[in-house]
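The values are calculated or read from the model by the stated rules, or taken from the named source; none is laboratory data. Since we're looking at a predicted model, the values are computed, not measured. No Cβ is skipped: glycine too gets one built from the backbone with ideal geometry, and neighbour counts run over all protein chains shown.
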Amino acid sequence: MAIVGRAFDSERLVQRAIEHDVVLFDVDTLEELLAIQTTTPLKLSDLSLVFKQSGKADLSVLIEEQRRVEITGLLVKSIMKCLVDEAQDEVTLGKLSVRDIYRSLRNVDEIRGQVTVDNIQQVLEFLASPIIGCVGKERDYYFAKGSLQDTARMFDYLKKICLE
């Protein structure tokens, strides 16, 4: 159960909420939660971490998952950009291994320290899946099958279909 109010300054009220497993959202916290969900969409299972609390809502429980979602989004963008940028290269012919992509991305400021061979592999497999189909695979090499805009259009289309 959750209660939304302007403010919850009474310690007695907070204590009663804790005793009855109720989470209290003041207006500022609710606005912050909505802002997080608007900029970094979290799954219901992630949001349940907040609603399982008792007493005043603490959004810090979402920080780790929020950062993971942000990094995943930046990785998708960075990997697609890397593959698109290499598409016209005379040496690679646009075909890059996971290690090639890792070397290209490991020092990108937005994702520095977050890039691993494993998470690059996971993103590539997602982008190369028959459902998304924005990346092709030939042996151990990946290549862009379209532009960043093509990828965005595919995600927009899936969003539209899911919301119908």
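Quick check on my filter: what residues within segment 3-33 are assigned to a helix (DSSP H, G or I) and either among the acidic types (Asp, Glu) or more than 20 Å from Ser60 (Cβ to Cβ) (or both)?
If the condition is that a residue be assigned to a helix (DSSP H, G or I) and either among the acidic types (Asp, Glu) or more than 20 Å from Ser60 (Cβ to Cβ) (or both), then Glu11, Arg12, Leu13, Gln15, Arg16, Glu19, Asp28, Glu31, Glu32 are the ones that fit.
Might you check whether a residue that is assigned to a helix (DSSP H, G or I) and crowded, with 17+ Cβ neighbours inside 10 Å occurs anywhere in segment 144-159?
Yes, segment 144-159 has at least one match.
Across segment 103-116, which residue is modelled with the lowest pLDDT among those that are surrounded by fewer than 17 Cβ atoms within 10 Å (Cβ to Cβ) and over 18 Å from the mean Cα position of the chain (by Cα)?
Of all residues in segment 103-116, those surrounded by fewer than 17 Cβ atoms within 10 Å (Cβ to Cβ) come to 103, 106-110, 112-113, 116.
Still in the list and also over 18 Å from the mean Cα position of the chain (by Cα): 103, 106-107.
On the way: Arg103: 94, Arg106: 91, Asn107: 88.
Top of the filtered list is Asn107.
So, in segment 5-56, of the ones that are surrounded by fewer than 13 Cβ atoms within 10 Å (Cβ to Cβ) and among the β-branched types (Val, Ile, Thr), which residue ends up farthest from the chain's Cα centre (by Cα)?
Val27
Which numbered condition in (1) in contact with a Phe, Trp or Tyr (Cβ under 8 Å, 6 or more places away or on another chain); (2) surrounded by 17 or more Cβ atoms within 10 Å (Cβ to Cβ); (3) within 28 Å of Gly146 (Cα to Cα) is the only one that Ile79 fails?
(1)
Could you check segment 82-99 and list, in sequence order, the residues that are among the charged types (D, E, K, R) and crowded, with 18+ Cβ neighbours inside 10 Å?
Glu86, Lys95
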